[in-house]
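Structure record follows, encoded as structure tokens.
The values are calculated or read from the model by the stated rules, or taken from the named source; none is laboratory data. Small disclaimer: the values here were computed from a predicted structure and weren't measured. So basically every Cβ, Gly included, is an ideal-geometry build from the backbone, and we count neighbours across all protein chains shown.
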């Protein structure tokens, strides 16, 4: 006996029900049950390859048409007896170029780049070198994707942020200062053979290719307190 049209219609409704349940703020799919539409607020990321060695904060202000990204890359020069901490922080405020449910592309015209070198491996040691280039001789591009929540309410999403700089003039200036050669050597050793970040001292070519996955600083106990250029981040996790 053939199934009646009513039975077939009810079966079709049951098949469509799960898909409808996944539709959220901006629709389902894209790896999350709920996608932010529009993308708005603060989002925190760790690098997929370098983990917490590269952290970023992306802040979106729809009313102001602003897309801000603040990121920091931290590595150690282990060739020194007391490891030297090397930090590159970059910050840029751009405009919203393209967007849709769970995704957003930015348009950036300038970027600020800061290099900090510490006398030891942690922030407890004094800074022995610091310099900020603003605007820096760099090009910057960033986009967000799959921003939303999964079925358990956990944050989803990723950031793709690429920084390309010509630091030849900057490095030449540092090398000309007293002790500058040691500083450049520490930076070069700290970034040697890294996949997400690289520096070619001979040419001044400096690149950061940040592919980040979204995290919840409070729930995951992560410290983003150094990233304050966009918006004040959550307090550091308790000791």
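I'd like to check something: does the stretch 201-223 contain any residue that is under 30 Å from residue 60 (Cα atoms), over 18 Å from the mean Cα position of the chain (by Cα), part of a strand (DSSP E or B) and at pLDDT 95 or above?
yes
Among the residues of the stretch 158-173 satisfying the criterion of being surrounded by 18 or more Cβ atoms within 10 Å (Cβ to Cβ) and out of contact with any strand residue (DSSP E or B) (no Cβ under 6 Å at 6 or more places or on another chain), which is nearest to residue 110 (Cα to Cα)?
Ranking the qualifying residues of the stretch 158-173, first place goes to 170.
State all residues of the stretch 153-184 that are in contact (Cβ under 8 Å) with a residue 60 or more places away in the chain and over 19 Å from residue 113 (Cβ atoms); if no residue qualifies, say none.
Hits for the stretch 153-184 are 154, 155, 156, 157, 158.
Taking the stretch 58-73 as the search range and keeping residues that are in a loop (DSSP other than H, G, I, E, B) and touching a strand residue (DSSP E or B) at 6+ places or on another chain (Cβ under 8 Å), which one is surrounded by the most Cβ atoms within 10 Å (Cβ to Cβ)?
Checking each candidate, the answer is 62.
Would you call residue 228 surrounded by fewer than 14 Cβ atoms within 10 Å (Cβ to Cβ), at pLDDT 95 or above and assigned to a loop (DSSP other than H, G, I, E, B)?
The answer is no for residue 228.
From the residues in the stretch 79-125 that are farther than 23 Å from residue 50 by Cβ and out of contact with any strand residue (DSSP E or B) (no Cβ under 8 Å at 6 or more places or on another chain), which one is modelled with the lowest pLDDT?
81
With respect to residue 44, determine if the residue is surrounded by 16 or more Cβ atoms within 10 Å (Cβ to Cβ), at pLDDT 50 or above and in contact with a helix residue (DSSP H, G or I) (Cβ under 8 Å, 6 or more places away or on another chain).
Considered against the rule, which asks whether it is surrounded by 16 or more Cβ atoms within 10 Å (Cβ to Cβ), at pLDDT 50 or above and in contact with a helix residue (DSSP H, G or I) (Cβ under 8 Å, 6 or more places away or on another chain), residue 44 comes out as yes.
For the subset of the stretch 185-200 comprising residues that are in a strand (DSSP E or B) and either more than 21 Å from the chain's Cα centre (by Cα) or touching a residue at least 12 places away in the same chain (Cβ under 8 Å) (or both), which member is nearest to residue 220 (Cα to Cα)?
Here the answer is 197.
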